[in-house]
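See structure below.
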Ligand code: SAJ
């Protein structure tokens with residue numbers, strides 16, 4: 001890779017982050033070799049199609065595949081820059097222990113084709129120290145290469161941690177325009193990674209060390225989790241004291257330095273409900289508020305279920321409409337969704353009385369099988385149900401006027417209808 005030549009890039013992991021990232025790098029003119037362990041994902045991408053839902057991603061992938069700039073494979077290939085975007089789930093020990101085995105497996109694959117001058121970048125959300133552990137794993141496989149932080153002179157390769165901070169539904173826009181933290185194992189590594197991101201990121205790229213960048217990503221999501229937990233705790237206190245939490249928040253937020261977030265049925269998704277545990281795992285004695293926030297947000301889901309059940313029992317015989325299954329508004333992502341948990345629990349208990357409205361779903365998820373609950377459209381639910389439980393703040397629910405809800409028992413867990421306490 002010399003002068004203005006575009007680097008060959010290998011992106012490992014073609015999921016929600018890896019695929020849009022690969023496509024954007026390809027759009028900037030760099031030839032991208034995408035790697036995924038799943039053959040069907042590779043085949044789909046090579047046809048110019050996509051296996052995930054994300055605004056405008058289909059057109060972009062089609063374009064870069066057609067131009068020959070993005071090719072997918074199950075096999076690693078030599079490149080100048082390697083970007084690792086594989087999952088970092090919890091281990092199966094039930095203790096929220098981070099499982100970095102996919103990252104380490106990817107690093108070991110990279111080690112088989114790594115050459116002098118290459119850059120390896122980890123993007124996966126990871127516990128502090130993972131980039132160094134990745135470096136050590138590569139060093140063990142490739143003693144012929146001088147590794148940053150382990151050698152006296154100039155290292156042969158560069159390693160950096162560069163997290164994404166994109167919002168599902170706005171991934172392409174945010175990948176391009178958000179600021180980025182670029183954490184090198186050494187300052188030289190950071191500069192190498194910076195030069196790479198400058199090719200396709202319009203936001204500011206701020207360099208730091210790898211451990212700080214790892215913690216920054218975790219802290220961003222923990223900050224949001226703690227703030228949502230404050231709102232959720234407030235809503236449970238308000239329920240206990242017979243107060244309208246929405247009124248209290250509206251009024252408190254008129255203070256120039258107060259900005260309370262919105263209570264809901266709990267925190268879903270694969271980031272905010274997961275990443276704070278990586279901080280707790282690294283410093284269990286110190287991370288008290290962060291742990292409590294996770295527990296409070298999880299408890300809110302059970303609180304909502306209990307209140308919903310009480311409302312259903314107080315309206316015997318009435319049909320119950322659960323509005324929404326997604327983990328947040330206006331997306332079709334139902335994974336790790338508190339709304340889905342609450343609706344499915346009600347379906348198991350109240351069977352055929354339960355109607356689910358989810359404009360983003362073609363059918364109900366499997367856990368509804370055999371419960372008797374049915375997926376209906378909003379008009380049918382408004383006609384037939386006596387109880388309305390809002391679980392997701394989709395725009396289509398927000399615009400339902402009070403007269404269409406008249407005479408129904410309502411539990412609005414998201415505060416979408418200002419006339420409902
Ligand atoms: N939620 C509330 N009340 C609120 C805000 C959110 O209950 O006031 C709930 C949502 O309904 C949802 C959950 O929290 O269930 C998370 O939604 P979100 O919109 O806050 O965040 P995510 O998970 O879609 O994306 C987050 C973002 N992080 C931050 O805003 C700090 C995103 O920028 C990250 O890139 C992403 O996590 C990630 O991949 O880590």
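The values are calculated or read from the model by the stated rules, or taken from the named source; none is laboratory data. Since we're looking at a predicted model, the values are computed, not measured. Cβ sites come from the backbone with ideal geometry, for glycine too, and all protein chains shown count toward neighbours.
Scan the stretch 96-122 for residues that are without any contact (Cβ under 8 Å) to a residue 24 or more places away in the chain and either farther than 18 Å from residue 141 by Cα or in a loop (DSSP other than H, G, I, E, B) (or both) and report the count.
Within the stretch 96-122, the first condition is being without any contact (Cβ under 8 Å) to a residue 24 or more places away in the chain, and the residues that meet it are 99, 101, 105.
Cutting the leftovers down to either farther than 18 Å from residue 141 by Cα or in a loop (DSSP other than H, G, I, E, B) (or both) gives us 99.
Adding up the residues that qualify gives 1.
Scan the stretch 129-165 residue by residue and report those that are surrounded by 22 or more Cβ atoms within 10 Å (Cβ to Cβ), more than 18 Å from residue 116 (Cα to Cα) and away from the ligand (no atom under 16 Å from the Cβ).
Across the stretch 129-165, the qualifying residue is only 131.
Out of all the residues in the stretch 352-369, which are in contact with a helix residue (DSSP H, G or I) (Cβ under 9 Å, 6 or more places away or on another chain) and part of a loop (DSSP other than H, G, I, E, B)?
Scanning the stretch 352-369 gives 358, 359, 364, 365.
State yes or no: is residue 213 assigned by TED's automatic domain parsing to the domain that holds residue 136, under 30 Å from residue 6 (Cα atoms), in a helix (DSSP H, G or I) and more than 12 Å from the ligand (Cβ to nearest atom)? Let's see the steps before the verdict.
Working: assigned by TED's automatic domain parsing to the domain that holds residue 136: no; under 30 Å from residue 6 (Cα atoms): yes; in a helix (DSSP H, G or I): yes; more than 12 Å from the ligand (Cβ to nearest atom): yes.
When the stated conditions are applied, residue 213 does not pass them.
As an exercise: evaluate residue 168 against (1) surrounded by fewer than 16 Cβ atoms within 10 Å (Cβ to Cβ); (2) part of a loop (DSSP other than H, G, I, E, B); (3) within 16 Å of the ligand (Cβ to nearest atom) and give the number of the one condition it does not meet.
Unmet condition: (1).
Yes or no: residue 373 in contact (Cβ under 8 Å) with a residue 60 or more places away in the chain and more than 25 Å from residue 235 (Cα to Cα)?
Spelling it out, it is not the case that residue 373 is in contact (Cβ under 8 Å) with a residue 60 or more places away in the chain and more than 25 Å from residue 235 (Cα to Cα).
Go through (1) in a helix (DSSP H, G or I); (2) more than 25 Å from residue 25 (Cβ to Cβ) for residue 150 and report which single condition fails.
All conditions are met except number (1).
May I ask you to say which residue of 55, 64, 41 is in a helix (DSSP H, G or I) and touching a residue at least 40 places away in the same chain (Cβ under 8 Å)?
Step by step, each of 55, 64, 41 is checked, and only 64 is in a helix (DSSP H, G or I) and touching a residue at least 40 places away in the same chain (Cβ under 8 Å).
Among the residues that make up the stretch 381-392, is at least one of them in a loop (DSSP other than H, G, I, E, B), touching a helix residue (DSSP H, G or I) at 6+ places or on another chain (Cβ under 7 Å) and either within 16 Å of the ligand (Cβ to nearest atom) or farther than 27 Å from residue 169 by Cβ (or both)?
Within the stretch 381-392 (the criterion being in a loop (DSSP other than H, G, I, E, B), touching a helix residue (DSSP H, G or I) at 6+ places or on another chain (Cβ under 7 Å) and either within 16 Å of the ligand (Cβ to nearest atom) or farther than 27 Å from residue 169 by Cβ (or both)), the answer is yes, since at least one residue qualifies.
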